[in-house]
Each structure stands twice: as structure tokens, then as C-alpha cells.
Amino acid sequence: MRLRLLLALIACFSGSLAYRPVVILHGILSGADSMDFLVREIEELHRGTIVYNCDKFSGWYSLENAWRQVEQIRDYLSDVGKQHPEGINVLGYSQGGLLARAAIQSLPDHNVKTFISLSSPQAGQYGTSFLHLIFPDLAAKTAFELFYSTVGQHTSVGGYWNDPHKQSLYMKYSEFLPLINNEKQTSNSTSFKMGMVRLSKLVMIGGPNDDVITPWQSSHFGYYDEDQEVIPFNKRKIFTDDSIGIRTLQEAGKLLIIIKPHVHHLGWHTNRAVIHQVILPYLD
Ligand SMILES: *[C@@H]1O[C@H](CO)[C@@H](O)[C@H](O)[C@H]1NC(C)=O
């Protein structure tokens, strides 16, 4: 009897030590409460996990300039990381996964171990369905006129709008994605790569039935060429040139590409089976 109690106590105690704290970042036009279901699943199945559900830039504020958001997320990750010197995990959903990745790359001495990018437009976005709440008539073909301008760059979406037919305007106007993806070299390019290769594990999750991330392969750094054919991530310059360290991570066995069909964009963080299958196994 006593032994059993002791074993239960040990299991309980080691369980609470086994999981690293997790920082969660929500998507566009929503807030931390949209991630509550995922938080509860983590807390229930990985008992003892401390979860930080970041509530910065909720609702309309999620449309603020990408760098302004990244700077605050960076400071947040840095603060949480200091409270847990043994290391933390980070999960970012949709736009939150892109901003979190940029924050991690902006922290040359971070202690993020596993980063999960949950259906995020890591190579950009060329589809407007998710914006129809704000811009009901916006069409992808003409959206560049709005986003590739000084005014458009005040919005987060302008920062990662990637029109395959307007690449010179993208390179000229976009103040965010070409920098964080090292398509444009700056004095920060080297440290952006260092921040990335510092990860112990990069888990990239996405799938063909997402219906919002366009093309859906952007969730794995795949993207359109000028003919709107999707080039897989490992055939693109960002990978072959190892511009931000994804190839380094892959060669070290630290990159996981997860393609899961039959999941809509709003299902990744709200569908129990999906969470159990593709998220929980990577939060250790
Ligand atoms: C490099 O990063 C620093 C700190 O975030 C920033 O202030 C600066 O503007 C960046 N430089 C370039 C060229 O992007």
C-alpha cells in the first residue's frame, strides 16, 4: 500500500517536471481566449505544464504592424524564458506562428527548445478569405495595391502579403517577411539565422484542407512561383541556400514537417483529435 502511494507520488512529481512551460500565441482577429481549449487539453493531458497564453494584440490590435508586435512578443518570450532557465516551448497559431518565429529569430540567446508553427503563413499569404470581415470586396489579385504601400505596411498582413506576380513590389515595399526570411540582407540577417538554429526542434504543421493559408504549403515554407505553381520548401532558395537555418535544422534531425489532411484552418487548435495527434506529442 505504502509503496503504491510512493510510486504514485513519484509519477506525479516527475510528471510535473517532465513538461516544459509552453507559451501560446493566438491568431489574427482573435485573442488569447480563442486558444483556451488547446490550453485546457495541454493542462489535462500533460499534467503540471505551466501554460502562458499570451494575450497581447487581441482583436483589432492583431492588425498592428508586424514588427511592433514582434518586439513585444520577443520581450515576452525573453521574460518567460528567464523565469524558466531550463527552457520553454512555444506554439504559435496562424499569424501568431509567424510573429512568434520572428520573435525567436530576434532573440539570439533565447532558451526556446521546441517551436510549433501551427498553420502559419511562414512563406507569406496570397488569399483574402480571412480578411473579408474587414475588407469585404478585397481580391487577392488587386490586394497588392493596398498592401505594397507605406500605409499598407502599417498592417500586419501587409508585412507578409506575398503576391507571386508582384515580386519586385514585394521586395521594395514589404518591411517584414523579406527581412525575417533573409530574402533581403540586413545587419540582422546573421542573428536571425542564429536564433533559428538555436532551436532543439522546429515542428511545422499544416494541411491541404486548411482553406485560409494560401497556398497551404506556406505553413511549411513552400510557396508559389510566378506561374502560381507551388514549389515545395526544400526546392526553394530559403532552404537550399540555408538562408535562415531550416536546412541546418533538417540535417541535424531537428525539423518536423507535418501534413495533415481534412483539417480546416479553425480546427487546428479546437479539434481534440487533431491536438492529440499533431500537437501534444511534440510538447515535451
Ligand atoms: C535590427 O534589429 C534591431 C533590433 O530589433 C532594430 O532596431 C534595427 O532596426 C534592425 N536593423 C535592420 C536593418 O533591420
**Request:** Just one of (1) at positive phi; (2) touching a Pro at 6+ places or on another chain (Cβ under 9 Å) trips up Gly245, so point out which.
**Result:** (2)
**Item:** Candidate set: region 174-192, residues that are part of a helix (DSSP H, G or I) and surrounded by fewer than 19 Cβ atoms within 10 Å (Cβ to Cβ); chosen: the one farthest from the ligand (Cβ to nearest atom)
**Value:** Thr190
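Which one of Met196, Met204 is buried (at least 19 other Cβ atoms within 10 Å of the Cβ), within 16 Å of the ligand (Cβ to nearest atom) and either within 16 Å of the chain's Cα centre (by Cα) or more than 20 Å from Leu91 (Cβ to Cβ) (or both)?
On inspection, the qualifying residue turns out to be Met196.
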**Complete:** Checked pairs for region 54-79, first farther than 16 Å from Ser106 by Cβ, second among the aromatic types (Phe, Trp, Tyr) and more than 14 Å from the ligand (Cβ to nearest atom), C-beta under 8 Å and 6 or more apart or across chains, list as Glu64/Phe57
**Prompt:** Filter region 1-48 for residues that are of a type in the set (Phe, Trp, Tyr) and either assigned to a loop (DSSP other than H, G, I, E, B) or modelled with pLDDT under 55 (or both); which is farthest from Leu77 (Cα to Cα)?
**Reply:** Phe13
**Fill in**
Subset of region 36-53, residues within 21 Å of Gly87 (Cβ to Cβ) and in contact (Cβ under 8 Å) with a residue 24 or more places away in the chain, comes to Leu38, Ile42, Leu45, His46, Arg47, Gly48, Thr49, Ile50, Val51, Tyr52, Asn53
**Complete:** Checked region 65-119 for anything more than 16 Å from the ligand (Cβ to nearest atom) and polar (S, T, N, Q); matches are Gln83, Asn89, Ser94, Gln95, Asn111, Thr114, Ser117, Ser119
**Item:** Pair list, Cβ < 6 Å and 6+ apart or interchain, from region 140-152 residues that are closer than 8 Å to Tyr173 by Cα to residues that are surrounded by 12 or more Cβ atoms within 10 Å (Cβ to Cβ)
**Value:** Tyr148/Leu169; Tyr148/Tyr173
**Prompt:** If Glu226 satisfies every condition in (1) in contact with a strand residue (DSSP E or B) (Cβ under 9 Å, 6 or more places away or on another chain); (2) under 18 Å from Glu183 (Cβ atoms) but one, which is the exception?
**Reply:** (1)
**Fill in**
Taking region 225-267 and keeping only residues that are in a helix (DSSP H, G or I) and among the β-branched types (Val, Ile, Thr), one is left with Ile238, Thr240, Ile246, Thr248
**Asked** Say we look at region 147-169 and pick out the residues that are out of contact with any Gly (no Cβ under 8 Å at 6 or more places or on another chain) and in a helix (DSSP H, G or I); which of these is nearest to the ligand (Cβ to nearest atom)?
**Response** Gly159
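The values are calculated or read from the model by the stated rules, or taken from the named source; none is laboratory data. None of these values were measured; they are calculated from a predicted model. Cβ: placed from backbone, ideal geometry, glycine included. Neighbour counts: every protein chain shown.
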